[in-house]
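Novice: Take a look at this one; I'll ask things after.
The values are calculated or read from the model by the stated rules, or taken from the named source; none is laboratory data. A quick note: this is a predicted structure, and the numbers were derived from the prediction, not measured. Cβ: placed from backbone, ideal geometry, glycine included. Neighbour counts: every protein chain shown. With ligands, DNA and RNA removed, areas are computed over all heavy atoms of the protein, side chains included. Shrake-Rupley method; radii C 1.70, N 1.55, O 1.52, S 1.80 Å.
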Amino acid sequence: MAQSIQKIGIANGGGDCPGLNAVIRGAVRAAILGHGWKVVGITDGFDGLIWPERCMPLTVESIAGILPRGGTILGTTNRGNPFHYAIEEEGKIVEHDYSLKCLENARKMDLDAIIAIGGDGTLTIARDLGRLGIPVVGVPKTIDNDLSATEVTFGFDTALHVATDAIDRLHTTAESHGRVMVIEVMGRDAGWIALHSGIAGGADVILIPEIPFTIETVCERLRERAATGKKFSMVVVAEGVKLPATDSHGNPFPAPRPGQVGFVIGDTIHTILKKDVRVTVLGHIQRGGSPSPFDRILSTRFGVEAVELIERGEFGRMVCLRAGEIESVTLDEAVGVNRQVDPKGSLVRTARAVGITFGDQ
Ligand code: F6P
């Protein structure tokens, strides 16, 4: 198998993530310097496979300097599923299946294999393109750190640094003014960023999707703090948190989108406690900017190992981190299972032990 590889493609899909460029650089350098292969950059998710004229050659020279750069030089999209490609035609959204076109174009471009970097959605598409006949290997990506087959995804560490730094900054101003600060961080389905940054930043309350809470319990904790002379409090909220069905007056809570849930919680705390509350939504700041050293190293290891999987002919697999070592799992094992915070796990127990409440007891 190894002798037959001459050219590979690299695609990344879904939301961007610090470290994407470092994966691309690691893979390009390993492929060219280690094996003498050619590398093609597939732009904007899998769009470059549908419209090959949008692809670009990747060389050691063309990727110089991208290691510390955030974002991705390939561009990305979370709307480009080739199996269900939505296009507006005469005012209507029409779905097309471009998967066979991808196969045809991969063959026309002489791609012997493709490295697909992405979260659950992108890796599912990659697996299905693999079933059609395109040899693929995967690299896990998401700042949310919620892919089940790897201990850590690249991007998480950078997001955690951003969130912790923000909590530290908000801490000092909260203390000066005696305010309640609500900080909404990312984490659509899992509370990893909130849990880690909340512990690292010394939060008083952490609200995550995995632990149902009531606003009354949160307010009780804030009252207790006030009773001991602590005039300010820090509340870290994961954007994907599930609001209780009703507020303290029995009125139904609205179903807020990410970016709004922090405001709903902040407003409710203000109404109940009559305290000065300020809300900060960190949003995409957590996804932007230069990757941390940890993420640069993890991304480079993932990129290099993806090339080695191709070299060994181990297609349909995704690289992952287990006990500090780079390993691989099948794409089938890698997708479809969200890795969530264990409400009884050691991190949650540690947080509770230092007095953090999750709003449940
Ligand atoms: O999955 C990563 C993530 O950053 C989530 O935490 C967040 O909800 C989502 O992407 C935001 O996506 P978009 O960039 O499409 O707004």
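Novice: Might you check whether a residue that is assigned to a loop (DSSP other than H, G, I, E, B), over 20 Å from Ala306 (Cα atoms), open to solvent by 40 Å² or more (accessible area, probe 1.4 Å) and more than 15 Å from the ligand (Cβ to nearest atom) occurs anywhere in region 108-118?
Specialist: no
Novice: Just the residues that are of a type outside the set (Lys, Arg) and open to solvent by 40 Å² or more (accessible area, probe 1.4 Å), please, taken from region 172-201.
Specialist: Thr172, Thr173, Glu175, Ser176, His177, Asp189, His196, Ile199, Ala200 - these are the residues of region 172-201 that are of a type outside the set (Lys, Arg) and open to solvent by 40 Å² or more (accessible area, probe 1.4 Å).
Novice: May I ask you to list the residues in region 5-29 that are open to solvent by less than 10 Å² (accessible area, probe 1.4 Å) and part of a helix (DSSP H, G or I)?
Specialist: Hits for region 5-29 are Leu20, Asn21, Ala22, Val23, Ile24, Gly26, Ala27, Val28.
Novice: Tell me the residue from Thr72, Thr43 that is more than 16 Å from the ligand (Cβ to nearest atom), hydroxyl-bearing (Ser, Thr, Tyr) and within 21 Å of the chain's Cα centre (by Cα), please. Reasoning before the result, please.
Specialist: Numbers: Thr72 fails: more than 16 Å from the ligand (Cβ to nearest atom).
Thr43 is the lone residue from the list that is more than 16 Å from the ligand (Cβ to nearest atom), hydroxyl-bearing (Ser, Thr, Tyr) and within 21 Å of the chain's Cα centre (by Cα).
Yes/no per residue for (1) open to solvent by less than 60 Å² (accessible area, probe 1.4 Å); (2) assigned to a loop (DSSP other than H, G, I, E, B):
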residue: Ala31; (1), (2): yes, no
residue: Gly45; (1), (2): yes, yes
residue: Leu49; (1), (2): yes, no
residue: Pro57; (1), (2): no, no
residue: Ala64; (1), (2): no, yes
residue: Arg69; (1), (2): no, yes
residue: Ile73; (1), (2): yes, yes
residue: Arg79; (1), (2): no, yes
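Novice: Sort out which residues of region 304-361 are open to solvent by 60 Å² or more (accessible area, probe 1.4 Å), free of Cβ contacts under 8 Å to residues at least 40 places away in the same chain and not in a loop (DSSP other than H, G, I, E, B), and write them in order of number.
Specialist: Correct list: Glu325, Glu327, Ser346, Arg349, Arg352, Ala353.
Novice: Let me ask another. Residues to consider are Glu175, Glu184, Glu220; find the one that is in the same structural domain as Lys274 (by TED's automatic domain parsing) and within 16 Å of the ligand (Cβ to nearest atom).
Specialist: Working: Glu175 fails: within 16 Å of the ligand (Cβ to nearest atom); Glu220 fails: within 16 Å of the ligand (Cβ to nearest atom).
Only one candidate passes the filter, namely Glu184.
Novice: Sort out which residues of region 4-22 are farther than 22 Å from Asn105 by Cα and more than 16 Å from the ligand (Cβ to nearest atom), and write them in order of number. Show your work before the answer.
Specialist: Taking region 4-22 first, the residues farther than 22 Å from Asn105 by Cα are 15-22.
Result: Asn21, Ala22.
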